[in-house]
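Asks: Take this structure first; my questions come after.
Just so you know, all these numbers are worked out from the coordinates, no wet-lab data involved. Computed from a predicted model, the values in this text were never measured in an experiment. FYI the Cβ positions are ideal-geometry reconstructions off the backbone, even for glycines, and counts take in every protein chain you see.
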Amino acid sequence: MAMEMRLPVARKPLSESLGRETKKHLVVPGDTITTDTGFMRGHGTYMGEEKLIASVAGSVERVNKLVCVKALKTRYHGEVGDIVVGRITEVQQKRWKVETNSRLDSVLLLSSMNLPGGELRRRSAKDELAMRGFLQEGDLISAEVQAVFSDGAVSLHTRSLKYGKLGQGVLVQVSPSLVKRQKTHFHDLPCGASVILGNNGFIWIYPTPEHKEEDAGGFIANLEPVSLADREVISRLRNCIISLATQRMLLYDTSILYCYEASLPHQIKDILKPEIMEEIVMETRQRLLEQEG
């Protein structure tokens, strides 16, 4: 039986520029954020004795006069236009229930999705009977947030051909606060795999398709066997994303790609060892700071 032993090693000193750049205003519940009465109260704060006090643990964010606290660990709070990855949990009348890491199940209406082939017409009773043929329990989908109800529940739509059922790949769950908001959350990485960075903290990694399925309407999942080389790339990306999330770094295409490149000297199974994880993430952070100038 093979046994591996790791001895303690001295931690590498953090460069001054790295430590200075990554400092944030972190607070815990009950901390005073400011005593200035000119600020507006945002999410995660409350007024007490003419002071603005934090109600959650997280980092303080200021937009002009608005002060809010972004929680470090939280459930997903939907916003219109967000890209999400979710799992179908229930097929109901004219709708599907979708698990999207929020407090309540999200809803995907039959009228909020493309019919197979992109056909444009009213949904009939025949379509309602065929719902389980389109999407069934356990299927993973990518979608966009169409509306947010007063109770916080989210309504989704998949009216674009880039959304729909997901096929072969790996799902990684992280805190929604770690996914950076960008113009696009669908990225084809040069290493040979693609990622969908869901704003809800669900990240889907899959082999980059050779040609896009434009006529399927987002219902036909590619279930062809994935080559060993692609599986190794996907596994490495998965471990890199977990490493970045463990070290509380923002996840977006550049940080994931830099982390992937930093991990290449190591075996895939070794990436999640604490000392190697710290070394890879430190190198990624350094490269990002150099890029920002």
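Asks: Once R0 is set to 41 Å, what does the formula 1/(1 + (r/R0)^6) return for the Cβ-Cβ distance between H43 and K162, expressed as a FRET efficiency to the nearest 0.05? Let's see the in-between values first.
Replies: Numbers: r = 30 Å, r/R0 = 0.74.
After rounding to 0.05, the efficiency reads 0.85.
Asks: Still on this model: Is the C-alpha gyration tensor of segment 25-71 telling us rounded, prolate or oblate? Criteria: a/c under 1.5 is rounded; beyond that, a/b larger than b/c is prolate, otherwise oblate.
Replies: Here segment 25-71 falls in the oblate category.
Asks: Another one. Rounded to the nearest 20 debye, what is the charge dipole size of segment 36-111 about its Cα centre when +1 sits on each Lys and Arg Cβ and -1 on each Asp and Glu Cβ? It would help to have the intermediate numbers written out before the result.
Replies: Working: 12 positive and 9 negative charges, 38 e Å.
Charge dipole of segment 36-111: 180 debye, to the nearest 20.
Asks: For every helix of n ≥ 4 consecutive DSSP H residues, a contribution of -39,500 (n - 2.57) applies; sum these over the chain, divide by its total residues, and give [θ] at 222 nm rounded to the nearest 500 deg cm²/dmol. Mind showing how you got there, number by number?
Replies: Numbers: 6 runs with 64 residues, N = 293.
About -6500 deg cm²/dmol.
Asks: Now, a different point. Give the cross-link partners of K70 among the aspartates and glutamates, using a straight C-alpha distance below 18 Å as the criterion and excluding same-chain residues fewer than 8 apart.
Replies: D31, E61, E79, D82
Asks: To the nearest 20 debye, what charge dipole does segment 71-126 have about its Cα centre, counting +1 at the Cβ of each Lys and Arg and -1 at the Cβ of each Asp and Glu? Kindly include the intermediate steps, with their values, before the conclusion.
Replies: On the way: 11 positive and 6 negative charges, 51 e Å.
With only Lys, Arg, Asp and Glu charged at Cβ, the dipole is about 240 debye.
Asks: Can you tell me the equivalent ellipsoid semi-axes for segment 82-152? Use √(5λ) from the Cα gyration tensor, largest first, whole Å. Present the calculation step by step, with values, prior to reporting the outcome.
Replies: Details: eigenvalues 86, 35, 28 Å².
Output for segment 82-152: semi-axes of 21, 13, 12 Å.
Asks: Express in nm, to one decimal, how much length is gained between E210 and Q182 on full extension, taking 0.36 nm for each residue of separation and deducting their alpha carbon distance.
Replies: Details: separation 28, 0.36 × 28 = 10.08 nm, distance 2.48 nm.
Contour length minus Cα-Cα distance gives 7.6 nm.
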